[in-house]
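The values are calculated or read from the model by the stated rules, or taken from the named source; none is laboratory data. Because the structure is a prediction, the values reported are computed rather than measured. Here the Cβ positions follow ideal geometry from the backbone for every residue, glycine too, while neighbour counts run over all protein chains shown.
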């Protein structure tokens, strides 16, 4: 069906336009058709939802269709983070999970994410098969009330087991000593109260802003990037807080503000978490990052002689590496980080807890920890610019730049060109420019990283000019 396409992480659409109850039912039937003969009926599935407009009702509709196909469903009794569904699926040995969310997308969007039995996003080969089943069979469903009566749908609290799992990662002696002032921005999403619950036995004070429930997300896009975190930055400064944390709509991504009220890029956060795992937890293993993440993790991996893998944008590719190559830690530029100790899945809440643990163990302000890291592994300045409502043929774009590319960017000679996802130009000093069409929205994204602001500005501006010339593709 032309108006239902699975992108970087599931299917997303505009509510009441293409994301309708009718289309959601069609997708649910295709999922049921795919899983019904793959232990779906025997093991059952979990269904969850975020705080978006009608998410609960869409989740109930999905559950009704699954139940109509004889598949038992554990339906979350309240809105939850996406990773709760992944955790429930893995912990309970279920066939799969379905999460109703559009993650960090604007309020007019909603979506469906499919989680595999291993506790992470299913691979493209599965979503391709599910797409091929769209509309092949008539939708079967039974009412929620009838399904509950038959025991096909059971509503359960899926938050508590997940929080118990998070607590297990923290040393109880250290936890009780943590005494930080933290400002938490839930961005009107599902993350509200979760950090406070995990840190309940500590001495920390947590101040929450932008609490749920607001289907319009207070006029903000629930994406924890700098332009959306002005209130958090201001509140951290006003409160003289030790840390500012933001999570996106479904709380699987993380945004960070240090004790000086400065935004830390995902490149810096990824590197801090990587060093935390290596130096504080004594862990070693393979590292995986999307092509949109930068050079600091590469330098850290070289320093500690750790294998590093690079993937296309989308955490499902990180998940694939985590499953097939036993990757220790993986992440992406959009603020999603996953830990093999936990799940092959992004988890914004666990990432935040690890940063808090890092600050406590180091007994230093986050700003100082960052400076010490950058003294060893170089400065990282990053920027992303999105071009709205344009589509570029990725294949044609890659073909063009494989045969013709600029000799330098930002005044630095070009070293190599990568076409893992879009086109990435890497300069001799490891600064870089990436241009790629979004996998979830009608946008073209321009990314750049450099050690100095003036150099970053030049690279970004040159990237913008390249995109303007590409509009004809």
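Details
- Here residue 459 does not qualify as under 30 Å from residue 19 (Cβ atoms) and modelled with pLDDT of 90 or more.
- Residues (more than 17 Å from residue 82 (Cβ to Cβ) and part of a strand (DSSP E or B)) located in region 1-18: 13, 14, 15
- For region 24-53, a residue qualifies if it is in contact with a strand residue (DSSP E or B) (Cβ under 7 Å, 6 or more places away or on another chain) and surrounded by fewer than 19 Cβ atoms within 10 Å (Cβ to Cβ), and exactly one does: 53.
- Single residue of 345, 260, 279 found to be assigned to a loop (DSSP other than H, G, I, E, B) and surrounded by fewer than 19 Cβ atoms within 10 Å (Cβ to Cβ): 260
- For the criterion of being outside any strand (DSSP E or B) and in contact (Cβ under 8 Å) with a residue 12 or more places away in the chain, residue 246 fails.
- For the condition part of a helix (DSSP H, G or I) and closer than 18 Å to residue 126 by Cα, residue 24 qualifies.
- Single residue of region 180-196 satisfying the filter (touching a strand residue (DSSP E or B) at 6+ places or on another chain (Cβ under 8 Å) and part of a helix (DSSP H, G or I)) that is surrounded by the fewest Cβ atoms within 10 Å (Cβ to Cβ): 196
- Which listed residue is surrounded by fewer than 24 Cβ atoms within 10 Å (Cβ to Cβ), modelled with pLDDT of 95 or more and more than 20 Å from residue 83 (Cβ to Cβ), from 239, 227: 239
- Just one residue in the set 154, 177, 136 is in contact (Cβ under 8 Å) with a residue 24 or more places away in the chain, over 22 Å from the mean Cα position of the chain (by Cα), within 28 Å of residue 249 (Cβ to Cβ) and surrounded by fewer than 20 Cβ atoms within 10 Å (Cβ to Cβ); that residue is 154.
- Cβ pairs under 9 Å, 6+ apart, first in region 346-362 and not assigned by TED's automatic domain parsing to the domain that holds residue 180, second at pLDDT 95 or above and surrounded by 22 or more Cβ atoms within 10 Å (Cβ to Cβ): none
- Qualifying positions in region 95-149 - touching a strand residue (DSSP E or B) at 6+ places or on another chain (Cβ under 8 Å), more than 15 Å from residue 316 (Cβ to Cβ) and in a helix (DSSP H, G or I): 144, 147, 148
- Taking region 411-433 as the range and being within 20 Å of residue 377 (Cβ to Cβ) and touching a helix residue (DSSP H, G or I) at 6+ places or on another chain (Cβ under 9 Å) as the test, the residues that pass are 412, 426, 427, 429, 430, 431, 432.
- Enumeration of residues in region 282-305 that are buried (at least 18 other Cβ atoms within 10 Å of the Cβ) and in a loop (DSSP other than H, G, I, E, B): 291, 292, 293, 294
- Which listed residue is in a helix (DSSP H, G or I) and modelled with pLDDT under 95, from 56, 42, 90: 42
- Scan of region 363-373 for residues that are assigned to a helix (DSSP H, G or I), in contact (Cβ under 8 Å) with a residue 40 or more places away in the chain and either surrounded by fewer than 17 Cβ atoms within 10 Å (Cβ to Cβ) or out of contact with any strand residue (DSSP E or B) (no Cβ under 9 Å at 6 or more places or on another chain) (or both), ordered by number: 367, 369, 373
- Of residues in region 84-94 being touching a residue at least 60 places away in the same chain (Cβ under 8 Å) and touching a strand residue (DSSP E or B) at 6+ places or on another chain (Cβ under 8 Å), the one nearest to residue 247 (Cα to Cα): 84
- Residue 406 satisfies every condition listed in (1) touching a strand residue (DSSP E or B) at 6+ places or on another chain (Cβ under 9 Å); (2) surrounded by fewer than 18 Cβ atoms within 10 Å (Cβ to Cβ); (3) modelled with pLDDT under 90; (4) not in a loop (DSSP other than H, G, I, E, B) except (4).
- For region 62-78, residues that are in a helix (DSSP H, G or I) and in contact with a strand residue (DSSP E or B) (Cβ under 9 Å, 6 or more places away or on another chain) total 5.
- Qualifying residue in region 324-340 (condition: assigned to a strand (DSSP E or B) and closer than 16 Å to residue 115 by Cα): yes
- Per this entry, residue 77 is counted among residues that are closer than 23 Å to residue 188 by Cβ, surrounded by fewer than 19 Cβ atoms within 10 Å (Cβ to Cβ) and out of contact with any helix residue (DSSP H, G or I) (no Cβ under 8 Å at 6 or more places or on another chain).
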